[in-house]
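**Student:** Pasting in a structure now, in structure tokens, and then I'll have a few things to ask.
What follows draws every value from the coordinates through simple rules; no lab data is involved. Here the structure is a predicted model, which is why all the values come from computation and not from measurement. Reconstructed Cβ throughout: ideal geometry from the backbone, glycine too, with neighbour counts over all protein chains shown.
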Amino acid sequence: MSAECHLVLQERLIPPSEEWRHCTHSWTAVRIASGFGYSLGGGSAREMKPGDTLIAGPEVKLILRASQLGELKIEFFTIEPQLLNGLFTVIEWHQLEHMSGPEAPQRLMQGLFYSASEPLAQKFARLAALSHRDTLPARLAFLQLWASCLTSLLPAYSPAGTGPRKLRQQFREFFSRLSEKELATSSLTDMALELNCSERHFSRMFREEFGIPLRDCQNELRLQRAARLLSDFKVKISSVASECGYRHLGLFNIMFKKRFAMTPSQWRRQRIQGQSPAELASSFLPPQPAGNGAATTAVAEKIRANLTTAFDKNKPARPVRDRQKTA
């Protein structure tokens, strides 16, 4: 699914007895606009009636089959969290990442079902009935619909312990409020002052919690953000460097090439050739870098795994071709 379809409502008409199969790296929200059918995901069949809604996480195979009695019309949109940089806190983002892994909740792998009578499905119906569904307010409303679904999935953060563990609690509370962008651009001095501890002690706590040095984590986040910003051709590379905390363009070029095995200009040219930002910079494991590739890849893996782990403690039928037709 291309980035241009992010938060854009689309329609599909499934002929009788045929199937619509859908599996992407994005989240998907789909509703039955008219007709009757079945959801075959997760190894079980569920009857789908007009107004019923399904929300599925990344890599979930959605299969909808139309009834033999008539066509099935569906409406759906996708959500690419990696294009929402800065919206989530550090903890929320990595909880979200955890949902696409092998330990994702089973009910999410089967698709979250909302009957037509439930508030979320009713809100989806109201949004689908809008005459202008490609406006900013409509896209924000689709985003809010998805966010309300996440509320029941993201575990509430509540640090435990008292006494000597007070500073550690404050440390975790601090990161429950901090966005990845803020983490990438904040100085060690400022963050240590926020917790009223020494820089050395803050660095030690960070490494104990996340398994990597603070500087390595910040460099990785800055370069990942730069890779996403480079997809906007109107923004100068020098502006991207500055936005990501690099005062000198030369240093930015060196660091970027070391991380991604290509210069920022080469990375941008790949985007021009048709690759979406999601394909280029959706994960913490971009193209294998040259030189110290193993080391930087290890850093990326640790950011994905350790940030999550630290806070997790507390039938075949003819498929319908998925044409890109925007509603």
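**Student:** Counting only Cα, what are the radius of gyration and maximum Cα-Cα distance Dmax of segment 170-261, in Å?
**Tutor:** Here Rg and the maximum Cα pair distance are 14.5, 42 Å.
**Student:** To check my understanding: the extent here is largest minus smallest coordinate of the Cα atoms along each principal axis. What are those three numbers for segment 3-155, in Å, largest first?
**Tutor:** Cα extents, longest axis first: 49, 37, 28 Å.
**Student:** Report the percentage of all Cα-Cα pairs in segment 57-96 whose separation exceeds 12 Å, rounded to a whole percent.
**Tutor:** 74 percent
**Student:** If you don't mind, there's one more thing I want to ask. Please give the length that would be gained between Leu87 and Ser242 if that part of the chain were fully extended, namely 0.36 nm times their separation in residues minus their C-alpha to C-alpha distance (nm, one decimal).
**Tutor:** Working: separation 155, 0.36 × 155 = 55.80 nm, distance 2.02 nm.
Here the answer is 53.8 nm.
**Student:** Which net charge results for the neighbourhood of Tyr38, defined as the other residues with beta-carbon distances under 9 angstrom from its beta-carbon, given Lys and Arg at +1 and Asp and Glu at -1?
**Tutor:** +1
**Student:** Which distance in nm do the two modelled labels at Arg207 and Ser117 give, with both placed 7 Å along the Cα-to-Cβ direction?
**Tutor:** Taking the two extended label points, one gets 5.9 nm.
**Student:** Dipole of segment 126-265 (Lys/Arg Cβ +1, Asp/Glu Cβ -1, origin at the Cα centre): which of Ser148, Leu136, Leu178 lies farthest to the positive side?
**Tutor:** Farthest towards the positive end: Leu136.
**Student:** Would you mind putting 126-134, 216-224 in packing order, based on average other-beta-carbon counts within 10 Å, highest first? Please list the in-between numbers first.
**Tutor:** Working: 126-134: 12.9, 216-224: 21.3.
The densest-packed peptide leads the list: 216-224, 126-134.
**Student:** Can you compute the charge dipole magnitude of segment 3-155 about its Cα centre, using +1 on each Lys and Arg Cβ and -1 on each Asp and Glu Cβ, nothing else charged? Give it in debye, rounded to the nearest 20.
**Tutor:** 340 debye
**Student:** Hey, rough spin-label estimate for Lys234 and Leu140, points 7 angstrom out along Cα→Cβ, what's it come to in nanometres?
**Tutor:** 1.9 nm
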